[in-house]
Amino acid sequence: DRQIVSVNSSGVVAVSHQGAEIDAGDISRVTEAAQAVSLPSSREIIHVIPRGFSVDSQKDIKDPVGMSGVRLEVETTIVHGPTTALRNLAKCVQQVGVDVEELVFGGIAAAQTILTDTEKELGTVLLDIGGGTTTVTVYNEGSAAYCSVIPIGGQNVTNDLAVGLRTSLEDAERIKIKLGELLGKDGEPLKSSEEIDLSSLDLGIKSINRKLLDDILKARLNEIFSLVALE
């Protein structure tokens, strides 16, 4: 069962005061109309994201407030997740003394911090590879058009290293972080024949051949990006 998924939905209403300007109340009503989608009782809506409005025969309007018309329509992306999991998440946060104002899908939050308005407008697929999951958020024409979660992440890479190098999960995580630091150093890639010095980590392993690491990591990373491509 997918934890977080999105569905496209449209809503349409008559403008409340014919001949008058469209206002925030009309926007609220048409967005609410778009939420009338058939979801199982175990699912809960997290976001209703307007992608574009139509006023009468005029389409692809980003902000119709102030325009005149008799029929207002909206195309939205609705992001929803499992009610029980969302409530338990909120409860965990509340138990450490933090009030929960609203829940935000991680992919949307990441996009707000990372993507520019131009990137959102031109079209971008944002991947956030976390510990246990990889979130996929597709932006097009300024709005989120698709959201999904793939249940594989950095922890799976750590598990593969632990098995392949016959070491503990803790040591595998430290090796993974060290490798990231080395790859980022001066922007110079490591050579495949190079021995990676791990003496500073004080592990049972003093060094690792780069090709061995590549062989371990490639299979899992190829799997993650193949699943992303399928999405």
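The values are calculated or read from the model by the stated rules, or taken from the named source; none is laboratory data. Fair warning: this is a prediction, and the values are worked out from it, not measured in the lab. FYI the Cβ positions are ideal-geometry reconstructions off the backbone, even for glycines, and counts take in every protein chain you see. Just the protein is used for accessible areas: all its heavy atoms, side chains included, with ligands, DNA and RNA removed. Shrake-Rupley method; radii C 1.70, N 1.55, O 1.52, S 1.80 Å.
Details
- Loop-located trypsin sites (Lys or Arg not before Pro) in the stretch 49-88, at most 12 other Cβ atoms within 10 Å (DSSP): Lys62
- The portion of the accessible surface of the chain made up by carbon and sulfur, rounded to a whole percent, is 51 (1.4 Å probe; DNA, RNA and ligands excluded).
- Among Gln94, Gln112, Gln155, the residue with the largest mean-square fluctuation in a Gaussian network model of the chain, with springs joining Cα atoms closer than 10 Å, is Gln94.
- Separation of the Ile196 and Ser28 label points, Cα + 7 Å toward Cβ, nm: 5.5
- Local electrostatic count, Lys206, Cβ distance below 11 Å [Lys/Arg +1, Asp/Glu -1]: -3
- Charges were assigned to the Cβ only: +1 to each Lys and Arg, -1 to each Asp and Glu. The resulting dipole of the chain about its Cα centre is roughly 660 debye.
- Only one residue of Gly131, Ala24, Ser9 has its Cα farthest out toward the positive end of the dipole of the chain, where Lys and Arg carry +1 and Asp and Glu -1 on Cβ, and that residue is Gly131.
- GNM flexibility winner over the chain from Gly97, Gly66, Gly106 (Cα, springs under 10 Å): Gly97
- For the stretch 1-149, the solvent-accessible area of protein heavy atoms averages 56 Å² per residue (probe radius 1.4 Å; ligands and nucleic acids excluded).
- Calculated from backbone phi, Karplus (6.51, -1.76, 1.60) coupling profile of the stretch 145-150 in Hz, x at Gly/Pro: 9, 7, 9, 7, 10, 9
- Taking Lys and Arg as +1 and Asp and Glu as -1, the other residues whose beta-carbon sits under 10 Å from that of Asp197 total 0.
- Helix axis angle, 154-165 relative to the chain longest principal axis, alpha carbon, degrees: 20
- All alpha carbon pair distances within the chain were sorted into 10 Å bins beginning at 0; the resulting P(r) in whole percents reads 7, 23, 26, 21, 13, 7, 3, 1.
- For the stretch 57-67, 3J(HN,Hα) per residue [Karplus equation, 6.51 cos²θ - 1.76 cosθ + 1.60, θ = phi - 60°, Hz, x = Gly/Pro]: 9, 8, 10, 6, 9, 7, 9, x, 4, x, 7
- Efficiency of FRET between Leu227 and Ile114 - r from beta-carbon atoms, R0 25 angstrom, step 0.05: 0.75
- Computed magnitude of the charge dipole of the stretch 1-127 (debye, nearest 20; Cβ of K, R +1, Cβ of D, E -1): 460
- Cα gyration tensor, the stretch 90-160 - rounded (a/c under 1.5), prolate or oblate: oblate
- Peptides 198-206, 8-16, 213-221, ordered by how many other C-beta atoms sit within 10 Å of their residues on average, highest first, read 8-16, 213-221, 198-206.
- For the chain, the longest principal axis of the alpha carbon atoms and the long axis of helix 210-230 meet at an angle near 20°.
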